[in-house]
1. Using the count of nearby Cβ atoms within 10 Å as a rough guide to exposure, how do Ile73, Ile24 rank from fewest to most?
2. With 10 angstrom as the radius, rank Asp27, Asp34 by how many other C-beta atoms surround their C-beta, starting from the fewest.
3. Extension gain His54-Ser37, at 0.36 nm per residue separation less the Cα-Cα distance, in nm?
4. With runs of 4+ DSSP H residues as the only contributors, calculate the mean residue ellipticity of the chain at 222 nm using -39,500 (n - 2.57) per run, divided by the residue total and rounded to the nearest 500.
5. Relative contact order for region 5-78: what percent, with Cα pairs under 8 Å and sequence separation of 6 or more?
6. Just add up the charged neighbours of Asp67: K/R +1, D/E -1, any other residue whose Cβ is under 12 Å from the Cβ of Asp67.
7. Under 11 Å from the Cβ of Lys15, count the other residues' Cβ atoms, weight Lys and Arg +1, Asp and Glu -1, and hand me the total.
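Rule-based calculations on the coordinates, nothing more; no lab input. None of these values were measured; they are calculated from a predicted model. Using ideal geometry, Cβ is built from the backbone for each residue, glycine included, and neighbour counts are taken over all protein chains shown.
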Amino acid sequence: MSATTYDRLVEIVTKLHDAPEDRISPDVTFAQLDVDSLTMVEISMRIERELDVHIDDNELEADLTLDATTKLIDAKLAA
C-alpha cells in the first residue's frame with residue numbers, strides 16, 4: 001500500500017518539527033503545532049524534493065491545516 005499525500009506530509013512535518021503525535025490531525029494548523037517560519041521553509045523544500053511539487057513561499061502559511069496543505073499538494077500533482 002502506498003502512502004497517501006496526507007501520510008507523506010505528516011511524515012515530513014514530524015521529521016522536521018518535534019510535534020507530539022497526539023497533536024497531529026487533518027484539522028490542525030501549522031501555527032497550532034508551533035511551526036516557526038524557518039521550519040515552514042524547510043517543510044516547503046522537503047515537499048518539493050520528496051513529492052516533486054513546487055510550493056511558493058506565499059502558499060504555505062501558518063494558518064493552513066494539514067488537510068488544506070494536502071489538498072494544495074494534490075491539486076498541484078493533478079495539474
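1. With the sparsest Cβ surroundings first, the list reads Ile24, Ile73.
2. Values: Asp27 9, Asp34 12.
The fewest-first ordering by Cβ neighbours comes to Asp27, Asp34.
3. Length gained between His54 and Ser37: 4.4 nm.
4. Dividing the helical sum by the residues of the chain leaves -16000 deg cm²/dmol.
5. Computed over region 5-78, the figure is 41 percent.
6. Net local charge, Asp67 excluded: -1.
7. Once positives and negatives cancel, what remains is -2.
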